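The structure appears below as structure tokens.
The values are calculated or read from the model by the stated rules, or taken from the named source; none is laboratory data. These figures come from a predicted structure and were not determined experimentally. Cβ placement follows ideal geometry from the backbone for every residue including glycine, while neighbour counts extend to all protein chains displayed. These accessible areas exclude ligands, DNA and RNA; they are computed on the full protein's heavy atoms, side chains included. Shrake-Rupley method; radii C 1.70, N 1.55, O 1.52, S 1.80 Å.
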Amino acid sequence: MLAITYVAMTAIDRRMLDRELKKGSAELIILSIVEHRARHGYEISRLIESRSAGQLKFHIASLYPLLYRLEERGWLQGRWVEKPGQRRRRFYRLTAEGRRVLASQRHTWKAFVTAMRLITGVDHA
Amino acid sequence: MPDPSPSSRSWIDQLRPRLAALRLSPAREAEIIEELSQHLDDRYEELRAAGSDDAEARRIALEELDDHDALARHMRALRQAHVPPSAVEAPPRLGGLRDVGHDLRYAARMLRKQPGFTLAAVLTLALGIGANTAVFSLVNATLLQRLPVADRAHLFYIYRGNVGGVFSYPQFETVRDYGRSFDGVAGWGGITASLNAGDSAELVSGVIVTGNFFDLLGIRPARGRLLSTSDDVTPGAHPVAVISYDFWQTRFAGRSDVIGRDIRLNGHAFTIVGVAPAGFSGPQLGGARHLYVPMMMQAIMRPPRAGYSGEQNPDLLKNPTNSWIFAVGRLKTDARLAEARAELDAAIAEFFRTRMKLPPGASPPRTSMVPVDEGNAGQRQQIRSVALLLGGVVGAVLLIACANIANLLLSKAAARQRELAVRLALGASRGRLVQQLLTESVLLSVIGGAAGVALAWALVEGFRAAPPPAGGLPIAFDLSIDPRVLFFALLLSCMTGIVFGVVPALNASRPVLVPALKGASGSVAERGGRLDLKKMLVVAEVALSLLLLTAAGLFVRSLQSTRAIDTGVDVERLVSLPLNINLLRYTRVQGREFYRQIVERAERLPGVESATVSRIAMLAGTTRILSVHVEGRAASHDQVYSENSPVVIGDPTLINANVVGPRFFKTMGIPLLSGRDFDETDTEDRPPVIILNATAAAIHFAGSTPIGSRISVGGPQGPWREIVGVVRDSKYGSLTQDGVPVVYMPLAQNHETGMTLYVRASVAPASLVSPLRREIQELEPNLPVPAIMPMTQTMGTSLYAARMGAWLLGTFGGLALLLAVVGIYGVLSFSISRRTREMGIRLALGADRHHVFLLVIRDGMLLVMLGVLIGLGTGLAAARSLGAFLYGVSTTDVPTFVGTVALLCAAALVACAIPARRAIGVSPVTALRQE
């Protein structure tokens, strides 16, 4: 059962996006954020907000359940890391399985976006 | 979790209530709170760095938690939120118990689906477990029995000298009065009485007891009252009796009016005052005593042994030398055993110093104390040997049965490979599979065990319905299936299930997944693994069954040998019966007259050639032992006189002695070798005479004739008796004893009060039983005549144990052979069915059917020969332990070993031939298509 993701929308009209779209994109977003290095939860949420230019924000009540779900599926691996002089933090990194899923979801998303462009765009076949 | 910052503490207060609904484990909740608190801390620090004040930063940070239920709602779908803490922390056993219930139901379904296999397995197990249960019921009835007395930890048998030694009554009184460490000491003596309850006299085994006997043992009556100290006051003044519960049920039909009933004991009037409780059969285990009378009635109820007549009636309550009393004492709770013994030793020593004539230099005897639970050590050792032998036999049968069923299970597991492979692939652990398979085995075994209990019950009831003849077995016991036996059967069933199930279960739970999932069946490539295990089991079965067959063969040969024994008397034509006139206190004159009359009456009966009397009954096992001195030879040994002792062989100072009536040797068919028989001239007023058997003559007069020489059996001072004849040896105490030296003395010169009548018949001996009984009852109605038997029946009684042993071992050996043959057949059949393709290829390639047939036979017989080799080796070793049970056959008897091997091989050949015929009947086309 996939959790229903609540994404705070600011500029985009909420009614324009259905639940399934939000659900699918949230996982892709998280997986791509941690693609290149491990990050902790707050860093992930700040990066999402900054890279989307404030369009997307993940609240605490939706971000961490999503991280835990991805961890349960084996797409992310969470680990407590203690650096000298600092409190320990939980970092998340992509697993091999997560990389495969990320690649697959990217491919699907690209195809979907292309299809949407073709259907809704100026150019007609 | 590290100490939270001051701000984190308020986050915790916000976060915890939002997670409460999930009921996470405390550790998991703490982790989540720590992580989320850090997020809020980071947010707060960022806002503060951006210029917000504390309250503002806190308010904005907490906006992320505006929706109070959002966190719980989003987390609810996660697995960690669904597992309740109690289940996560509970020990795995709870899950295991639920699994057992499921496994049992599944196992029952599997067994129902294959009725043929289930029936075969249950029957096999029933035979194995039933036999073991029956043997355990024997162990339960003998070795595990305890005297039903109160506080047995403080009860001890007290013996004079070594264990089994008895006291005279005055010695017993000393022990009783001086035993300060005891709360009480009671005494008893064994008696055999004539009991007449109105119709006829019968012999009853009983005990004569002191007044405190029942009280000391803590026995309570089933009816009426038991004997007490008030019945132990004046000699001859207490004609009361207590009977056993069994006797009350069988002889008096359990009637309530038995209390107060008048009976005649040894011709005298007594009254029954009580019934002993059920389960109490006397002061010693293994004896079946049915009558209890007061010690003060000794003169009537416990006469001296033969040698005394009515005139000479020494008062055994006063005679210091006549030893016949057993003693039992209850030790005080604070007394020490060593001190108690020392007290008794001192008391007995004092008695001997003051009232007995001790030879110079001799020391008085000491005492022995044995806990009542140890009972008769010699008897227990005998029973233990028999129980071990029987237990070993039925245990081997059960092992063979287990091997058979294990083989069956291994075959079935091969058919279930796919099912088990799928379950493993779906994530079932191996342990789980093994648990389920073992549950099936144990369930099967418990069902077989229940059937086995029914079989054991039938065996026990059969034994009770046809009990051994009196004297056939050395002890009396009552077989029954009681709760202890049932518990044994249950335990054995469970263990059996594990034994035959564990290897197939471990094997089956480890299939090679890919071929199993593909459903690949056996092919040419299938060798080793399961098949080797099955072959090993067959080899073990063959070895075990050969072991049993060999033991059975030795017992059968032994029985044949004993049957072929030349007894030295003409047993086919003899009838015997005991004449216990000592019970009636005949005077010497009365006794002589009685013997004369009974012999005369017997000889007048049609079909009787001659009759005689003898003091020692043939094959009774016990004898009178006397010292022997040859006149003119120096000797240093003293006089010895012992009654009812085991036969003595190999001691030249002692001899077995018999007193016989006129025409004894003629009646018994014992030929005279030299000299003469006793005759009318050998009377009381003439010089005493004596006859030797050949062994006695050879021992004492080797190389010369004993006729005319004189010997004494009454001590070195005489009386000297002239040897008038030598007779051939004949069997004396038992069938299996040879070289027994015996002397015979004439009744006319040595009066006896207890004789056995022997009658030589020219008709079928059994036809004389009723006429003889009539003659005796007419002559003396108060004389019990318990057992008039043709001598062939007496021999049968003495052979009862050997016959029973041969029958039991033969039955179990045959059963083991059957099971082994079935096992061989099963393994070969399975092998053929798995090698159908191979057979088909061979035949298709032109192999001769005859060759294929021999191939299969060879495969099977190789296993058998291996089993035979192992069985022969262990059989030779094990047979050594059977030596004590065998007569006339050595433990390495070649005909026995050759015969059993031949029998086993012949049966195995048949078992191999059937699947071999099937193999050559395989159609190559069908076989090659099959995959």
- Message: Being at the interface with another protein chain (Cβ under 8 Å from one of its Cβ atoms), β-branched (Val, Ile, Thr) and touching a helix residue (DSSP H, G or I) at 6+ places or on another chain (Cβ under 9 Å) narrows it down to one residue among B:ILE32, B:ILE60; which is it?
- Response: B:ILE32
- Message: Need the failing condition index for B:VAL827 against (1) farther than 30 Å from B:GLU572 by Cβ; (2) not in a helix (DSSP H, G or I), just the number.
- Response: (2)
- Query: So which residues in the stretch B:644-666 are under 30 Å from B:GLU603 (Cα atoms) and modelled with pLDDT under 85, if there are any at all?
  - Reply: B:ASN644
- Task: Answer yes or no: is there a residue in the stretch B:144-151 that is in contact with a Ser or Thr (Cβ under 7 Å, 6 or more places away or on another chain), over 30 Å from B:ALA27 (Cα atoms) and surrounded by 15 or more Cβ atoms within 10 Å (Cβ to Cβ).
- Result: no
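Conditions (1) assigned to a helix (DSSP H, G or I); (2) open to solvent by less than 20 Å² (accessible area, probe 1.4 Å), marked per residue:
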position	(1), (2)
B:GLY840	yes, yes
B:ALA847	no, no
B:MET861	yes, no
B:THR896	yes, yes
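Residue-wise test of (1) under 30 Å from B:ARG28 (Cα atoms); (2) modelled with pLDDT of 90 or more; (3) open to solvent by less than 70 Å² (accessible area, probe 1.4 Å).
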{"residue": "A:PHE58", "(1), (2), (3)": "yes, no, yes"}
{"residue": "A:LEU67", "(1), (2), (3)": "yes, yes, yes"}
{"residue": "A:GLN77", "(1), (2), (3)": "yes, yes, no"}
{"residue": "A:LEU102", "(1), (2), (3)": "yes, yes, yes"}
{"residue": "A:PHE112", "(1), (2), (3)": "no, no, no"}
{"residue": "A:ALA115", "(1), (2), (3)": "no, no, yes"}
{"residue": "A:VAL122", "(1), (2), (3)": "no, no, no"}
- Message: Against the condition more than 30 Å from B:VAL571 (Cα to Cα) and touching an Asp or Glu at 6+ places or on another chain (Cβ under 6 Å), how does B:GLY814 come out, does it pass?
- Response: no
- Taking the stretch B:328-358 only, how many residues are in contact (Cβ under 8 Å) with a residue 24 or more places away in the chain and either part of a loop (DSSP other than H, G, I, E, B) or surrounded by 15 or more Cβ atoms within 10 Å (Cβ to Cβ) (or both)? 16
- Message: I need the full set of residues from the stretch A:58-89 which are among the basic types (Lys, Arg), more than 19 Å from A:VAL101 (Cα to Cα) and within 9 Å of another protein chain (Cβ to nearest Cβ), in order please.
- Response: A:ARG87, A:ARG88, A:ARG89
- Task: Output yes when any residue across the stretch B:752-773 is more than 42 Å from the chain's Cα centre (by Cα), assigned to a helix (DSSP H, G or I) and in contact (Cβ under 8 Å) with a residue 40 or more places away in the chain, and no when none is.
- Result: no
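Table: residues versus (1) among the polar types (S, T, N, Q); (2) open to solvent by less than 10 Å² (accessible area, probe 1.4 Å); (3) outside any strand (DSSP E or B).
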site	(1), (2), (3)
B:ASN656	yes, yes, no
B:VAL659	no, yes, no
B:LYS666	no, no, yes
B:LEU673	no, no, no
B:ILE711	no, yes, no
B:GLN717	yes, no, yes
B:ALA748	no, no, yes
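Here's the yes/no breakdown for (1) at pLDDT below 95; (2) touching an Asp or Glu at 6+ places or on another chain (Cβ under 8 Å):
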{"residue": "B:ARG633", "(1), (2)": "yes, no"}
{"residue": "B:VAL640", "(1), (2)": "yes, no"}
{"residue": "B:MET668", "(1), (2)": "yes, yes"}
{"residue": "B:ASP682", "(1), (2)": "yes, no"}
{"residue": "B:ILE691", "(1), (2)": "no, yes"}
{"residue": "B:VAL713", "(1), (2)": "yes, no"}
- In the stretch B:262-276, anything assigned to a loop (DSSP other than H, G, I, E, B) and modelled with pLDDT of 95 or more is listed as B:ALA276
- Does the stretch B:41-57 hold any residues that are exposed (fewer than 11 other Cβ atoms within 10 Å of the Cβ) and within 14 Å of chain A (Cβ to nearest Cβ), and which are they? B:ALA49, B:ALA50
- Query: Residues in the stretch B:63-80 that are in contact with a Leu (Cβ under 8 Å, 6 or more places away or on another chain), assigned to a helix (DSSP H, G or I) and more than 7 Å from every other protein chain (Cβ to nearest Cβ): how many?
  - Reply: 2
- Message: Suppose the filter is out of contact with any His (no Cβ under 9 Å at 6 or more places or on another chain) and open to solvent by less than 10 Å² (accessible area, probe 1.4 Å); does B:PRO765 pass it?
- Response: no
- Message: Residues to consider are B:VAL852, B:VAL785; find the one that is open to solvent by less than 10 Å² (accessible area, probe 1.4 Å) and over 30 Å from B:LEU579 (Cα atoms).
- Response: B:VAL852
- Here are some residues: B:VAL163, B:VAL204. Which one is part of a loop (DSSP other than H, G, I, E, B) and either crowded, with 18+ Cβ neighbours inside 10 Å or hydrophobic (A, V, I, L, M, F, W, C) (or both)? B:VAL163
- Of these, B:LEU876, B:LEU882, which one is within 25 Å of B:LEU547 (Cα to Cα), free of Cβ contacts under 8 Å to residues at least 40 places away in the same chain and in a helix (DSSP H, G or I)? B:LEU876
- Take the residues of the stretch B:1-41 that are of a type in the set (Ser, Thr, Tyr) and assigned to a helix (DSSP H, G or I): which is modelled with the highest pLDDT? B:SER37
- Item | Per-region count, the stretch B:7-21, residues open to solvent by 10 Å² or more (accessible area, probe 1.4 Å) and more than 9 Å from chain A (Cβ to nearest Cβ) | 10
- Of the criteria (1) modelled with pLDDT of 85 or more; (2) open to solvent by less than 10 Å² (accessible area, probe 1.4 Å); (3) of a type in the set (A, V, I, L, M), which one B:ILE581 fails: (1)
- Query: Which of the residues belonging to the stretch B:885-894 are outside any loop (DSSP other than H, G, I, E, B) and either within 25 Å of the chain's Cα centre (by Cα) or surrounded by 16 or more Cβ atoms within 10 Å (Cβ to Cβ) (or both)?
  - Reply: B:PHE885
